[in-house]
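A short write-up of the structure that comes next.
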Amino acid sequence: MTQSNIPSQNEYNQKIREDIFPSKWNNPTTEKTYDLLIIGAGPGGMTAATVARSLNASVALVEKEHFGGECLSYGCIPSKALLRSSRLAGEMQHAKELGLEIGSEWKVNFSEVMQRVHRLQSVISPHDSAQHFKELGIDIFLGEGHFIGSNKLEVRGQAISFKKAIIITGTHPLLLNLPGLDEADYLTNQSIFNLTSLPPRLSVIGGGPIGCELAQAFLQLGSHVTLITHAEHLLPRDDRMASERLRNVFTDSGMKIFTNTQIQRVEKRGSEKIVYLDSNAEPLVVDEMLVAIGRKPTVEGLDLAKAGVTYDQQKGISTNNFLQTSNPDIYAAGDVTSLYKFTHISKELSKMAVINALNGNKEKSSSLIIPWCTFTEPEIAHIGLNEQEAKEQRISLETVMIEMATVDRAILDEETVGFVKLLVKEDSDEIVGGTIMAAHAADLISELSVAMNSEKGLIALSKAIHPFPVQAQVLRTAAETLIKKRQTLHLAYK
Ligand SMILES: Cc1cc2nc3c(=O)[nH]c(=O)nc-3n(C[C@H](O)[C@H](O)[C@H](O)COP(=O)(O)OP(=O)(O)OC[C@H]3O[C@@H](n4cnc5c(N)ncnc54)[C@H](O)[C@@H]3O)c2cc1C
């Protein structure tokens with residue numbers, strides 16, 4: 001895995017490091033049995049600790065590497081900071097269409113782009129710092145935790161007893177086993193944000209959310225990008241039509257895409273890497289490779305067997321609907337157990353696990369209505385069920401779809417690629433799912449989320465007044481369209 005491009009510790013990196021894993025830290029020395037012990041201080045662990053303290057529990061929080069978890073160091077935060085710069089670079093390329101003469105002089109200063117990423121991480125890191133959580137009255141233990149019994153964890157040689165525990169140890173990048181790959185060096189999400197120069201030619205392996213977001217970002221910043229995935233479609237968990245349209249957006253802007261493709265081997269030739277594909281295509285010659293093929297739950301090193309906690313190397317820790325593991329005193333939440341590996345879901349599940357652990361099993365994880373978004377341009381957001389899941393649950397659907405090209409504000413912003421699709425339970429006002437492909441799909445899906453938490457979501461959406469002109473108007477239009485269609489059918493059959 002490439003380490004060579006890691007910058008000499010800049011001022012921001014040093015500050016971030018001191019916040020999220022202070023070099024001088026004394027773990028508490030105590031014999032007490034904690035009400036709740038939390039392993040992992042990512043978004044889930046930090047939320048769990050805060051909620052547990054607000055319930056007056058005595059709380060121990062254990063972190064082996066970095067407060068803030070994958071999200072702050074190598075995930076949501078640096079990627080969204082990078083996307084802000086790449087979005088502007090993408091827009092600059094279309095400035096002329098909006099009547100702006102900017103000449104050909106402008107250029108991307110990649111090292112400044114990355115400095116900005118680190119600077120913004122350092123703005124956020126104090127909120128995620130070990131010290132901040134200590135000041136909330138939480139006992140912080142830095143070091144790797146591993147179980148030494150059903151109600152005991154060891155950190156740096158010290159045994160910590162607990163009544164209840166929650167494992168929120170997240171994931172790490174899934175690696176590829178390919179001939180020549182290790183010798184050729186490659187990037188993952190844990191090293192790509194340390195690049196200091198823009199790779200002229202980048203191949204991205206993996207067409208999931210991380211691969212798609214970063215492939216487009218580097219393309220907009222000026223790399224020649226080739227995306228390779230063994231899957232049939234980009235974003236395989238999202239709506240098929242949205243994924244096909246995204247592919248068109250990518251290829252129209254110059255990205256090369258190979259779907260249904262396996263890599264046979266990689267060869268290092270000087271500073272170049274030669275990527276041999278199983279299709280008839282010519283081998284690719286690139287400067288960097290990003291491997292983004294998925295996530296692996298962090299279960300190793302925990303000695304789960306000693307605590308009687310069952311798990312699977314690929315799926316992570318097994319829990320029941322209350323997030324309780326095979327050891328009734330131990331719960332699990334976040335990416336290490338969930339199919340939905342997102343910060344907001346990790347936080348929600350972690351909060352639920354705290355309430356169940358401290359107050360008895362009440363909250364069911366199956367009750368959550370889950371939205372997610374891939375922050376490409378346009379964004380693709382999904383919530384609730386898709387058509388296949390509805391079918392499996394024997395829910396008959398009525399579907400309504402509105403193109404963004406019919407929405408005034410999208411026309412004015414020239415952001416017309418995309419659509420809104422609502423899945424509504426037949427003959428009811430209950431929305432069970434939806435997909436939005438739009439420039440601001442993540443914001444729009446939040447309105448749908450509010451509507452779906454009401455059994456009469458369709459009516460709520462059809463009544464919501466929006467300022468004019470906004471793209472969110474499309475949601476009201478979608479709801480009204482379905483209601484009108486029903487009324488027309490009703491009249492026709494009268
Ligand atoms: C490039 C990228 C972009 C992303 N963008 C988004 C986004 O835009 N929106 C979104 O919602 N999600 C995004 N995600 C996903 C998001 O980062 C994760 O869903 C989130 O971090 C999960 O939180 P968590 O607390 O469950 O786990 P993690 O963040 O993985 O935290 C787990 C913590 O546990 C610690 N740990 C592990 N084992 C031990 C041990 N034995 N002892 C002590 N500590 C231990 C780890 O060091 C880590 O700090 C992105 C991910 C990536 C990689």
> When you look at N386, is it crowded, with 19+ Cβ neighbours inside 10 Å, over 18 Å from the mean Cα position of the chain (by Cα) and farther than 20 Å from N320 by Cβ, yes or no?
Replying inline: yes
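Residue check: is G211 touching a strand residue (DSSP E or B) at 6+ places or on another chain (Cβ under 7 Å), of a type outside the set (A, V, I, L, M, F, W, C) and either within 16 Å of the ligand (Cβ to nearest atom) or more than 29 Å from E65 (Cβ to Cβ) (or both)?
Answer is yes for this residue.
Take T188 and decide whether it is out of contact with any Lys or Arg (no Cβ under 6 Å at 6 or more places or on another chain), within 11 Å of the ligand (Cβ to nearest atom) and at negative phi.
On the way: out of contact with any Lys or Arg (no Cβ under 6 Å at 6 or more places or on another chain): yes; within 11 Å of the ligand (Cβ to nearest atom): yes; at negative phi: yes.
When the stated conditions are applied, T188 passes them.
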> List the pairs whose first member sits in the stretch 441-467 and is farther than 10 Å from D429 by Cα, whose second member is part of a loop (DSSP other than H, G, I, E, B) and among the small types (G, A, S), and whose Cβ atoms are under 6 Å apart, counting only residues at least 6 apart or on separate chains?
Replying inline: L444/A472; E447/A472; H466/A472
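Please verify whether K485 is basic (K, R), in contact (Cβ under 8 Å) with a residue 12 or more places away in the chain and part of a helix (DSSP H, G or I), treating the condition exactly as stated.
Values: basic (K, R): yes; in contact (Cβ under 8 Å) with a residue 12 or more places away in the chain: yes; part of a helix (DSSP H, G or I): yes.
Yes.
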>> So the check is Cβ under 7 Å with 6+ separation or different chains; which pairs have a first residue in the stretch 183-199 that's of a type in the set (S, T, Y) and surrounded by fewer than 17 Cβ atoms within 10 Å (Cβ to Cβ) and a second one that's assigned to a helix (DSSP H, G or I) and at pLDDT 95 or above?
In response: T196/S111; T196/M114; S197/F110; S197/S111
>> Return the residues of the stretch 238-258 that are in a loop (DSSP other than H, G, I, E, B) and either at pLDDT below 95 or buried (at least 16 other Cβ atoms within 10 Å of the Cβ) (or both); say none if nothing qualifies.
In response: D238, D239, M255
>> Can you report the number of residues in the stretch 38-88 which are in a strand (DSSP E or B) and either within 6 Å of the ligand (Cβ to nearest atom) or among the hydroxyl-bearing types (S, T, Y) (or both)?
In response: 3
> How about the stretch 294-319: which of its residues are away from the ligand (no atom under 12 Å from the Cβ), among the aliphatic types (A, V, I, L, M) and within 29 Å of E213 (Cβ to Cβ)?
Replying inline: none
>> Return the residues of the stretch 333-368 that are more than 10 Å from the ligand (Cβ to nearest atom), touching a residue at least 40 places away in the same chain (Cβ under 8 Å) and of a type in the set (A, V, I, L, M); say none if nothing qualifies.
In response: A353, V354, I355, A357, L358
> Taking the stretch 460-478, which residues are surrounded by 15 or more Cβ atoms within 10 Å (Cβ to Cβ) and in a helix (DSSP H, G or I)?
Replying inline: A460, L461, S462, Q473, V474, L475, R476, T477, A478
>> Please go through the stretch 385-418 and give me each residue that is within 30 Å of S366 (Cα to Cα) and either among the acidic types (D, E) or assigned to a helix (DSSP H, G or I) (or both), ordered by number.
In response: E387, Q388, E389, A390, K391, E392, E398
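The values are calculated or read from the model by the stated rules, or taken from the named source; none is laboratory data. Please read all numbers here as calculations on a predicted model, not as lab measurements. A quick note on method: Cβ atoms are made from the backbone with ideal geometry, for glycine too, and the neighbour counts reach across all protein chains shown.
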